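Structure record follows, encoded as structure tokens.
The values are calculated or read from the model by the stated rules, or taken from the named source; none is laboratory data. Predicted model only: the values in this text are computed from it and were never measured. Here the Cβ positions follow ideal geometry from the backbone for every residue, glycine too, while neighbour counts run over all protein chains shown.
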Amino acid sequence: MKSKENLIQFGLLLTALSTIAILLLIALFIFQEGLPIILKVGISGFICGSHWSPQQGQFGIFPMIIGTAWITVGALLVSLPLSMSCAIYLSEFSTAKVRAILKPIIELLAGIPSVVYGFIGMVILFPMVRNYFGGTGPCVLSASIILGIMILPTITSIALDSLRAVPYSFREGSLALGATRWQTIRMVVLPAAKSGILSGIILGVGRAVGETMAVIMIAGNSVIIPNSFLDPVRTLTANIALEMNYAIGDHRQALFATGIVLFITIMILNVVANTIARGGVKE
């Protein structure tokens with residue numbers, strides 16, 4: 001019996017180590033392919049350069065970094081109020097029966113393919129943006145709305161779990177002291193669940209930064225620094241997807257270098273999210 005348990009433990013350990021090994025191999029491959037062009041152009045020239053023209057040897061990704069940031073911030077502005085409202089309602093106001101119905105429906109949004117979101121954006125959002133705001137339709141605003149909907153289930157699910165993890169005695173104590181229900185939520189429950197909520201927000205940001213297909217379809221794909229939410233932009237992920245098929249030489253290496261920037265960004269976001277979550281557990 002003991003030997004069987006040891007064998008199972010060894011198998012689980014081997015599986016865990018293989019996952020780490022795969023991650024390391026992916027990182028090694030990306031860095032091996034992308035570092036030469038970064039060293040050739042220079043880190044500042046690559047990250048802060050404002051011109052992307054591979055045919056002319058210009059590999060500045062700064063406009064795409066700004067475009068990614070604009071869309072991510074816009075997605076948060078769209079998603080955060082909706083996500084927190086859903087999480088607070090399901091945690092504090094809804095009945096168990098309503099929660100059992102609504103929570104799976106919200107989580108189902110995460111299973112819809114991104115190309116479907118992109119198609120919806122093209123068919124529905126483009127005409128609305130043109131009619132009410134002006135512009136051509138493909139822009140930061142359209143991409144922000146679609147991405148905001150796409151990251152909504154991630155933030156909502158984690159925020160809901162964090163709110164429900166707050167002991168009910170916290171709520172009872174606040175109500176016993178004369179606080180209203182909303183005051184209890186705002187001054188007791190939300191602060192107690194802030195670590196989990198922040199982790200969900202950061203993971204949602206990571207999802208927005210890494211999204212590709214929907215962004216290609218609705219962001220406009222112009223390599224410019226946007227001045228408003230109605231300007232078309234190109235994100236880092238979209239740049240890789242659009243050009244990798246025909247890139248060779250330095251151009252191909254520059255796309256892998258873009259992948260390095262994305263890889264580091266996502267890793268930082270995940271580390272921050274895990275650190276915040278551990279801090280919440282310690283409290």
Conditions (1) in a loop (DSSP other than H, G, I, E, B); (2) in contact (Cβ under 8 Å) with a residue 12 or more places away in the chain; (3) surrounded by fewer than 20 Cβ atoms within 10 Å (Cβ to Cβ); (4) among the aromatic types (Phe, Trp, Tyr) -> residue 263 fails only (1)
Quick one: in region 220-240, of everything that is at pLDDT below 90 and among the small types (Gly, Ala, Ser), which residue is nearest to the chain's Cα centre (by Cα)? 220
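Can we say residue 109 is modelled with pLDDT under 90, touching a helix residue (DSSP H, G or I) at 6+ places or on another chain (Cβ under 7 Å) and farther than 30 Å from residue 271 by Cβ? So that I can check it myself, show each step before the final result.
Details: modelled with pLDDT under 90: yes; touching a helix residue (DSSP H, G or I) at 6+ places or on another chain (Cβ under 7 Å): yes; farther than 30 Å from residue 271 by Cβ: no.
The answer is no for residue 109.
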What pairs can you find where one residue is in region 200-218 and on the phi < 0 side of the Ramachandran plot and buried (at least 23 other Cβ atoms within 10 Å of the Cβ), the other is part of a helix (DSSP H, G or I) and charged (D, E, K, R), and their Cβ atoms are less than 9 Å apart, with a gap of 6+ or different chains? 200/161
Taking region 58-72 and the residues there that are part of a helix (DSSP H, G or I) and among the aromatic types (Phe, Trp, Tyr), the one that is nearest to residue 220 (Cα to Cα) would be 70
Under 8 Å between Cβ atoms, at least 6 apart or on separate chains: pull out the pairs that start in region 97-110 with a residue that is farther than 14 Å from residue 151 by Cβ and end on any residue that is modelled with pLDDT under 90 and among the hydroxyl-bearing types (Ser, Thr, Tyr). 102/94
Any pair with Cβ under 9 angstrom, 6 or more apart, that starts in region 6-26 at a residue that is closer than 25 Å to residue 260 by Cβ and ends at one that is in a helix (DSSP H, G or I): 26/263
Among the listed residues 100, 75, 110, 87, identify the single one that is closer than 24 Å to residue 160 by Cα, part of a helix (DSSP H, G or I) and in contact with a Gly (Cβ under 7 Å, 6 or more places away or on another chain). 75
Determine if region 180-190 includes at least one residue that is touching a Ser or Thr at 6+ places or on another chain (Cβ under 7 Å), surrounded by fewer than 23 Cβ atoms within 10 Å (Cβ to Cβ) and either aromatic (Phe, Trp, Tyr) or touching a residue at least 40 places away in the same chain (Cβ under 8 Å) (or both). no
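Among residues belonging to region 244-260 that are among the small types (Gly, Ala, Ser) and assigned to a helix (DSSP H, G or I), point out the one that is modelled with the lowest pLDDT.
Step one: of region 244-260, the residues among the small types (Gly, Ala, Ser) are 247, 249, 254, 257, 259.
Narrowing the set further to residues that are assigned to a helix (DSSP H, G or I) leaves 249, 254, 257, 259.
Values: 249: 88, 254: 92, 257: 92, 259: 91.
Filtering first and then ranking leaves 249.
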Looking at (1) small (Gly, Ala, Ser); (2) part of a helix (DSSP H, G or I); (3) in contact (Cβ under 8 Å) with a residue 60 or more places away in the chain; (4) surrounded by fewer than 20 Cβ atoms within 10 Å (Cβ to Cβ), can you tell me which one residue 241 breaks? (3)
Tell me whether region 129-146 contains one or more residues that are in a helix (DSSP H, G or I), farther than 21 Å from residue 224 by Cα and modelled with pLDDT of 90 or more. no
Candidate set: region 180-210, residues that are out of contact with any Lys or Arg (no Cβ under 9 Å at 6 or more places or on another chain) and among the basic types (Lys, Arg); chosen: the one farthest from residue 266 (Cα to Cα): 186
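For residues in region 92-120 being of a type in the set (Gly, Ala, Ser) and under 18 Å from the mean Cα position of the chain (by Cα), which is nearest to residue 221 (Cα to Cα)?
Filtering region 92-120 down to residues of a type in the set (Gly, Ala, Ser) leaves 94, 96, 100, 110-111, 114, 118.
Next, from what is left, pick out any that are under 18 Å from the mean Cα position of the chain (by Cα): 110-111, 114, 118.
Values: 110: 24, 111: 25, 114: 17, 118: 13 Å.
In this case the residue turns out to be 118.
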Which one is surrounded by the fewest Cβ atoms within 10 Å (Cβ to Cβ), of the residues in region 120-152 that are in contact (Cβ under 8 Å) with a residue 40 or more places away in the chain, of a type in the set (A, V, I, L, M, F, W, C) and more than 20 Å from residue 210 (Cβ to Cβ)? 133
Read through the list (1) within 17 Å of the chain's Cα centre (by Cα); (2) under 18 Å from residue 66 (Cα atoms), then give the number of the only condition that residue 272 fails. (2)
